[in-house]
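The values are calculated or read from the model by the stated rules, or taken from the named source; none is laboratory data. Because the structure is predicted, anything quoted here is derived from the model rather than measured. Because the Cβ atoms are built from the backbone with ideal geometry, glycine has one as well, and the counts that use them run over all protein chains shown. For the accessible areas, the whole protein counts, side chains as well, though only heavy atoms, and no ligand, DNA or RNA atoms are used. Shrake-Rupley method; radii C 1.70, N 1.55, O 1.52, S 1.80 Å.
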Amino acid sequence: MPRRHDPERRQRIIDAAIRVVGKKGLSGLSHRTVAAEADVPLGSTTYHFATLDDLMAAALRQVNEGFAELLRGRGGLTDRRTDLPAELAALMGEWLSGDRTGVELEYELYLAALRRPALRPVAGEWIQALTALLTTRTDPLTARALVALIDGICLQTLLTDTPYDEGEARGVLARVVGEG
């Protein structure tokens, strides 16, 4: 039987991995569950991703890209005329008010790097990208502090089911940038 050319297969496998983690969590992720979800032969998943870490890294990169799109859509983060704490607080509000399953999925993959060293560089890419963006508005140390605070606020909101309070977040962010 001739081999069928399927240039979208790798992407379908990544999309399927994201859906599997969204439905079953990381513990439900395997080459077999992803192959079934993507409707591809098991060998396709191992051909494109030799290990689960490789597959998780690709999935994490893709979900990070969703957040990066949100950042790119908010020109106020680089515009010195805008209120940076207010922009960041609004950004978190927009992100947290969207598809909660998607946000939880992003953090589940992000935090998987605690136990899976192969994912750490991908998690670090997101931290570095946001820090670099914020250094256009503040010094590098303050930018890192803002990234850590954003992570903390988002995680606390997700873990405690506490409604996100944009005004409170803006106030805390303002203190970090020296406005409060």
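Just one of the numbered conditions (1) modelled with pLDDT of 90 or more; (2) of a type outside the set (D, E, K, R); (3) in a helix (DSSP H, G or I) is not true of Val40: (3).
Between Arg32, Arg12, the distinction of being crowded, with 16+ Cβ neighbours inside 10 Å, in contact with a helix residue (DSSP H, G or I) (Cβ under 8 Å, 6 or more places away or on another chain) and among the charged types (D, E, K, R) belongs to Arg12 only.
Selection within region 41-62: residues that are free of Cβ contacts under 8 Å to residues at least 24 places away in the same chain and among the hydroxyl-bearing types (Ser, Thr, Tyr). The member of this set that is least open to solvent (accessible area, probe 1.4 Å) is Thr46. For Asp79, the conditions (1) surrounded by 14 or more Cβ atoms within 10 Å (Cβ to Cβ); (2) outside any helix (DSSP H, G or I) are fulfilled apart from (1). Scanning region 104-159 for residues that are in a helix (DSSP H, G or I), touching a residue at least 24 places away in the same chain (Cβ under 8 Å) and of a type in the set (S, T, N, Q) yields a count of 2. On the stretch given as region 103-142, residues that are open to solvent by less than 20 Å² (accessible area, probe 1.4 Å), within 19 Å of Gly28 (Cα to Cα) and not hydroxyl-bearing (Ser, Thr, Tyr) total 6. Of all the numbered requirements in (1) under 20 Å from Arg61 (Cβ atoms); (2) at pLDDT below 95, Asp6 misses one, and that requirement is (1). If the condition is being farther than 14 Å from Thr157 by Cβ, at pLDDT 75 or above and among the hydroxyl-bearing types (Ser, Thr, Tyr), then region 55-105 contributes Thr78, Thr82.
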